[in-house]
Each structure stands twice: as structure tokens, then as C-alpha cells.
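Step one of this worksheet: look at the structure below.
Readers should treat all values here as calculations from the given coordinates under stated rules, not as data from a laboratory. Being a predicted model, the structure only gives us computed values, none of them experimental. Note that each Cβ is placed from the backbone with ideal geometry, even for glycine, and that neighbours are counted across all protein chains shown.
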Amino acid sequence: MSDIPTHDVIMIGAGPAALTAAIYTTREDIDTLLFERGVVGGLAAVTDKIDNYPGFPDGIDGLTLADELRKQAERFGAVIELGEVTNIHDEGEYKRLETTSGDMRAKAILIATGSDYKKTGAPGEAEYYARGVHYCATCDGAFYRDKKIAVIGGGNSAIQEAIFLTRYATHIDLLVRSTIKASDVLQKELQEYVDSGKITIHLGTTTDEIVGKDNMVVRVDATKDGNKVSFDVDGVFIFVGLLPNSQFLVPLSVKLDEIGFVMTDQHLQTSMPGVFAAGDIRSGATMQIASAAGEGATAALKIREFLEGHVKAA
């Protein structure tokens, strides 16, 4: 066991939550390694423009924000390694992680693997991501002031986001695969926008293709009640759910909620002592970059207290 690389903290993921946490831990000389299987910066890095992150009145390119967070964490000594964690074992004082780089040990772990948007799988969805296809109304809705958009989905989040988007768009076509499954309260509120002509609901509508021209979305082709239909739009917002990146945790003694997000206590500690969670992977998270960064800072402080022996298990 002595030849296994050992760190004070290993953070799984390198999005805004983990990078912020790493800034705090490394400034206090806590040996910190971040393990990232995809893109450093997470979903923030692949967001075209972020308009609601504090301190940037003109907005900031997502990749730029992610890169600045990375450089700041690395300046204080954080080490980022590309790879994947496939299992965690509680071995008392240390947690052993199985990774694609071999086994590693840490006194504390931060799970900050985030979540990913469920996709419709329609042709054009991936091709026009951030160029007309979006998954966050509060992030990107303002780009569609006085324009026409389509919203895909029929659950609570889709209805909430469609209502939010009415403050920008001239008209919204709501494409619902079967029936609306949102709460009664939201459905009543939605009806007000339908009555005003701001939103048109299309039930029994399946998205077939998102069509673009000159690097921009121009149309959504769909099937409604067995008939081919098209919607001329300037953008598409897709809200068919989120998938937590917690697959590697399923067989572990870390409690997840019914969807698969990691449950934590008031210290952001999971059911496994010494293992914390922050950001979009955490059950109850607000799915915003600013709050992910805030949780990262909180988690770092709680991790420091844990390492000093002051935080008890959940």
C-alpha cells in the first residue's frame, strides 16, 4: 500500500465547484489533485457565453472563465490529471480510489462530477449546440430578445423555462412529446401565456431534426400526431431532464437520491465520512455556475475542518 500515490484531497471533476474548492485548499497548503475525465471547466467550458456570473458585466466566454479558474487553481499548486475514477473504497483514515491511472489514496474526497443534459438525440442537436441549441434559459435566453424559439419538453423545468423565456422571445412553440407532466400550478400559469398568444403548445410532437443554415438554427422539423410539421425558429431550448454523473457511485455506500444525485448533510459531507460533494452533482443544487463556485468554497472549508478532525460523519 505504501507505493500507492497519496494526497490530502482528491477532487473528482474539474468544473467550477472543484476548481474553486482547489483554490481554497491549495492556498492553505493542502495537497490537492483533481481528476477530470472530460473537459476542464465542465459544462461551463462548453457554454458559448455566460452572462450571469458575477463580476463580468459584459458576460464572459465559457471557455475563458474555465481557463481562468484553472490557471488560478494551478497557480496555488493544484494538479489536474485527465482520467476517470471508477470506484471508491472507505479504508478508514484513507479512501482508496480506483482510477484509470491506477489506485490512489486520499484523506478526503470531493465529488464534483456535475451533471449532463439529457438529449433528444435528434439530428442537428449536437452540431448546433451553443449555436442555436441551448439547455439553460437563464444562461442564454437574453440572446433571443424579439426572436422566435422552440422549447422541447413537458415537465416542470420545461414549463418554468418556457415561461421565463417569454420575457425575451416574441413567440414560443412548446413541443411536447406526449402530454404536459408539470404541476397543476405551473400548468395554470402556462395557460395564461397560451391565452395571451405568447406560447403555443404542441402535444404529441416528436422532434425529428434541428435544421441550420449559415451556422445558425432556422427550423425544427417534427412529427405531430403522425403528420410532418416544421417550425421556423431562431433558437431551440431543450429541457428533457438532467443526468447526474454519478454512475461510478451506484454500487458504493454513498447515498444518492431517486434520480442519482449525491445526498449531503449541512457540511456538504456525504454518507461516507470524509467524502464531500458540491456543485451540480449534489442533490438540491441550483444548477448555476455561481452557486457551484460558492459550494466549492464551502466544501473546501469543510474539508479543511474534516482534516483537522472537527467535522463528524453525516
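An oblate overall shape is assigned to segment 1-133, the ratio a/c of its alpha-carbon gyration tensor axes (a ≥ b ≥ c) being 1.5 or greater and a/b not exceeding b/c.
With neighbour counts taken as other beta-carbon atoms within 10 Å, the residues 276, 231, 56 rank, fewest first, as 56, 231, 276. Please compute the contact order of the chain in relative form: average sequence separation of alpha-carbon pairs under 8 Å and at least six residues apart, divided by the residue count, as a percent. About 20 percent, as a whole number. Averaging over all projection directions, the Cα-based convex hull of the chain occupies 17.4 nm² in the image plane.
Between residue 3 and residue 61, the modelled label-to-label distance comes to 4.5 nm, taking each label 7 Å out from Cα in the direction of the beta carbon. Here, segment 133-238 has an Rg and a Dmax of 12.7, 41 Å when only alpha carbons are counted. Annotation: the residues 248, 76, sorted from fewest to most other C-beta atoms within 10 Å of their own C-beta, follow the order 76, 248. Compared with the dominant principal axis of the Cα atoms in the chain, helix 289-307 is inclined by about 20°.
In terms of surrounding Cβ atoms within a 10 Å radius of their Cβ, 134, 267 rank from fewest to most as 267, 134. For the set 118/181; 148/198; 95/255; 147/213; 148/188, the pairs lying more than 20 angstrom apart at their alpha carbons are 148/188. For the chain, a Gaussian network of Cα nodes joined below 10 Å ranks 273, 244, 57 by mean-square fluctuation, and the top entry is 57. DSSP beta bridges fully contained in the chain are about 45 percent antiparallel.
A simple spin-label model places pseudo-atoms 7 Å from Cα toward Cβ; at residue 171 and residue 243 they are separated by 3.4 nm. For the chain, adding -39500 (n - 2.57) for each run of n ≥ 4 DSSP H residues and dividing by the number of residues yields -7000 deg cm²/dmol at 222 nm.
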